[in-house]
Amino acid sequence: MSAEIKLRTKGEGDVRDITADAAKAVSDSKVKDGIATIFVVGSTAAITTLEFEPGLVADMRGAAERLFPKGIEYEHHRRWDDGNGRSHVRAAFVGPSVTIPIVKGRLALGTWQQIILLEYDVRPRERTVVVQVVGR
Amino acid sequence: MSAEIKLRTKGEGDVRDITADAAKAVSDSKVKDGIATIFVVGSTAAITTLEFEPGLVADMRGAAERLFPKGIEYEHHRRWDDGNGRSHVRAAFVGPSVTIPIVKGRLALGTWQQIILLEYDVRPRERTVVVQVVGR
Amino acid sequence: MSAEIKLRTKGEGDVRDITADAAKAVSDSKVKDGIATIFVVGSTAAITTLEFEPGLVADMRGAAERLFPKGIEYEHHRRWDDGNGRSHVRAAFVGPSVTIPIVKGRLALGTWQQIILLEYDVRPRERTVVVQVVGR
């Protein structure tokens, strides 16, 4: 059973906590024992887990900029002038989805572990995150 | 229900779009509501999603070389002289699989989002990718 | 069906092979055709696959330190003085889980491909890894 989370991001560096929305999809599904896959549609955003607090959100931005800098050449820009080569590469390295066990009807997350959407695109985007629940 | 994709890569830096093969496995499974896990067997290749165009393929190669360079020492080489320490480390960081929701019988990918196999090994390899579909 | 793997790590840089425990959970589940999600609870450890040998374990440590160094500023430390900003960022980039197909009752891993827990926290931790099996 799938649900969609729709959100509008502010563009590059926006990090959003989507745990409550994912938990609601799990609850609505009535699945007690299974998995939930949280997947972002599109190739310039990523999903992972993080302790969602402003310091770590800044640290995630810093790491992305350090590893995949804005100021270097991207071949992507030779064909497309959207200037977001780094966005694609960052998203591909982190990955578009996370899969989390559902145990006794709840996501098996730690207390300080939230599901986050990382917006890497250079402009605000309307994002669709699919939460797919499989189990019984 | 599982299917196998077999392919022969050209070695380091080869990036292959396996979306059509994964979509065929989903279609053959008749599953309308579920997930597909696309998993590469072996520890020197990785799977993620990317807008599959030559510029980004080059950018993914550039990022891998910048982050996990060829020219530094790898302890792996002290025990094995296959010279592919960087291949293992790159593959472990990106990860061996991606899991994608199946909604109304189709993979919930964006239009510009393809499933790719990243070959990181230093020599051509015969690769087996398992597409496992779970749902109903 | 879910099982828990409990282990005590030695803190930063500890890498543990949990393949046998995950395989036992798959075997106990009697599932022949499906997937297993191996997920670490908490936000300072990660799961991926690796050829588990001491050289590559050292190389994974080296890469983590090179990409997300100990010696730089982390905003996380302004709010929390546990000094583990790098641990969170490393864990979020690698990711908390891996999902692996189960084919004919067995994990579809390569011979030299093990499931590993990467401990990134700066102190020893009691870890819970959930192995969730879905299929039939």
Computed on Cα atoms, Rg of segment A:2-135 relative to 2.2 N^0.38 Å comes out at 1.10
For chain C, the longest principal axis of the Cα atoms and the Cα long axis of helix C:54-67 enclose an angle in degrees, to the nearest 10, of 50
Everything considered on the Cα gyration tensor (a ≥ b ≥ c; rounded for a/c under 1.5, else prolate if a/b is larger than b/c, else oblate), segment A:12-63 must be described as prolate
Between residue B:48 and residues 5 or more places away or on another chain, the pairs with built amide H atoms under 5 Å apart involve B:116, B:118
Whole-Hz Karplus couplings 3J(HN,Hα) for segment B:101-110, θ = phi - 60° and coefficients 6.51, -1.76, 1.60, Gly and Pro as x, run x, 10, 10, 6, x, 10, 4, 7, 7, x
Mean per-residue count of partner chain Cβ within 10 Å for B:105-112 equals 4
If amide H atoms are modeled at 1.01 Å from N in the peptide plane, then the residues at a separation of 5 or more from residue B:98, or on another chain, having amide H under 5 Å from its own are B:38
Label points for residue B:65 built 7 Å along Cα→Cβ; distances to same position in the other copies, nm, shortest first, come to 2.7, 2.7
Dividing the mean separation of Cα pairs under 8 Å (6+ apart) by the residue count of segment C:2-135 yields a relative contact order in percent of 55
Listed by chain and number, the lysines with an alpha carbon less than 30 angstrom from that of residue A:32, same-chain partners under 8 positions apart left out, are A:6, A:24, A:104, B:30, B:32, B:104, C:6, C:24, C:30, C:32, C:104
Taking Cα atoms only, helix C:19-29 is inclined relative to the longest principal axis of chain C by an angle, in degrees rounded to 10, of 40
Applied in sequence order to segment C:32-43, the curve 6.51 cos²θ - 1.76 cosθ + 1.60 (Karplus, θ = phi - 60°) yields integer Hz couplings, x standing for Gly and Pro, of 9, 9, x, 9, 10, 9, 10, 10, 8, 6, x, 10
With a ≥ b ≥ c from the Cα gyration tensor eigenvalues, square-rooted, and the rule rounded for a/c under 1.5, otherwise prolate when a/b > b/c and oblate otherwise, the protein assembly as shown is rounded
Here the whole-number average of other chain Cβ atoms within 10 Å per Cβ of C:119-131 is 1
About its Cα centre, chain C carries a charge dipole, from +1 on Lys and Arg Cβ atoms and -1 on Asp and Glu Cβ atoms, whose size in debye to the nearest 20 is 360
Sorted by chain and then number, the residues having a modelled amide H within less than 5 Å of the amide H of residue A:75, at least 5 places away or on another chain, are B:59
If one compares the long axis through the Cα atoms of helix C:85-94 with the longest principal axis of the Cα atoms of chain C, the angle in degrees, nearest 10, works out at 30
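All of the numbers you see were taken from the coordinates with simple rules; none came from a lab. Note that the coordinates shown come from a computational prediction; the quantities given were computed from them, not determined experimentally. Reconstructed Cβ throughout: ideal geometry from the backbone, glycine too, with neighbour counts over all protein chains shown.
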